[in-house]
Amino acid sequence: MKTVTLRKEYIKLGQALKAAGLVDSGVEAKFVIQEGQVQVNGETDERRGRKLYDGDTVCFRGETVKIEK
């Protein structure tokens with residue numbers, strides 16, 4: 001499991017995928033999110049701007065990322 005540490009109160013979903021190294025660019029993040037390939041807290045989410053907070057988890061291509069303060 002990978003971890004993304006928050007610098008502010010939240011991080012957006014697309015930014016979190018990029019910070020975790022699961023995508024190479026914001027454009028790639030946009031497409032995989034819009035295609036329904038990303039789950040947040042166990043549910044598919046197609047909003048690139050979805051705000052993630054401490055304790056949230058993101059799953060993509062078999063990788064899980066935990067958001068932490």
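Applying the selection to the range 29-50, what residues are of a type outside the set (Val, Ile, Thr) and in contact with a helix residue (DSSP H, G or I) (Cβ under 8 Å, 6 or more places away or on another chain)?
Ala29, Lys30, Asp45, Glu46, Arg47, Arg48, Gly49, Arg50
Let's see how each residue does on (1) under 11 Å from the mean Cα position of the chain (by Cα); (2) over 16 Å from Glu63 (Cβ atoms):
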| site | (1), (2) |
| --- | --- |
| Lys12 | yes, yes |
| Leu17 | yes, no |
| Gly21 | yes, no |
| Asp24 | no, no |
| Val32 | yes, no |
| Arg47 | yes, yes |
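Could you please give the count of residues in the range 5-45 that are surrounded by 13 or more Cβ atoms within 10 Å (Cβ to Cβ), part of a helix (DSSP H, G or I) and not hydrophobic (A, V, I, L, M, F, W, C)?
Going through the range 5-45 one residue at a time, the tally reaches 6.
Among the residues of the range 1-42, what is the count of those that are touching a residue at least 24 places away in the same chain (Cβ under 8 Å) and not hydrophobic (A, V, I, L, M, F, W, C)?
So the count comes out to 8.
Collect the residues in the range 46-57 that are outside any strand (DSSP E or B) and either open to solvent by 50 Å² or more (accessible area, probe 1.4 Å) or modelled with pLDDT under 95 (or both), keeping them in residue-number order.
Answer for the range 46-57, where residues must be outside any strand (DSSP E or B) and either open to solvent by 50 Å² or more (accessible area, probe 1.4 Å) or modelled with pLDDT under 95 (or both): Glu46, Arg47, Arg48, Gly49, Arg50, Tyr53, Asp54.
Scan the range 58-69 residue by residue and report those that are touching a Leu at 6+ places or on another chain (Cβ under 9 Å) and assigned to a loop (DSSP other than H, G, I, E, B).
Arg61, Lys69
Out of (1) in contact (Cβ under 8 Å) with a residue 24 or more places away in the chain; (2) open to solvent by 40 Å² or more (accessible area, probe 1.4 Å), what's the single condition that is false for Gly62?
Result: Gly62 passes all but (1).
If you go through the range 15-69 one residue at a time, how many are over 20 Å from Met1 (Cβ atoms) and not aliphatic (A, V, I, L, M)?
14
What are the pairs with Cβ atoms under 8 angstrom where one residue, in the range 47-58, is farther than 21 Å from Glu35 by Cα and the other, located anywhere, is of a type in the set (Val, Ile, Thr)? Sequence gap at least six, or different chains.
Listed pairs, sorted by first residue: Tyr53/Ile67; Asp54/Ile67; Gly55/Ile67.
The values are calculated or read from the model by the stated rules, or taken from the named source; none is laboratory data. The model shown is predicted, which means the values in this text are computed figures rather than measured ones. Every residue, glycine as well, gets a Cβ built from its backbone with ideal geometry; the counts of neighbours run over all protein chains shown. Calculation scope for accessible area: heavy atoms of the full protein, side chains included, ligands and nucleic acids excluded. Shrake-Rupley method; radii C 1.70, N 1.55, O 1.52, S 1.80 Å.
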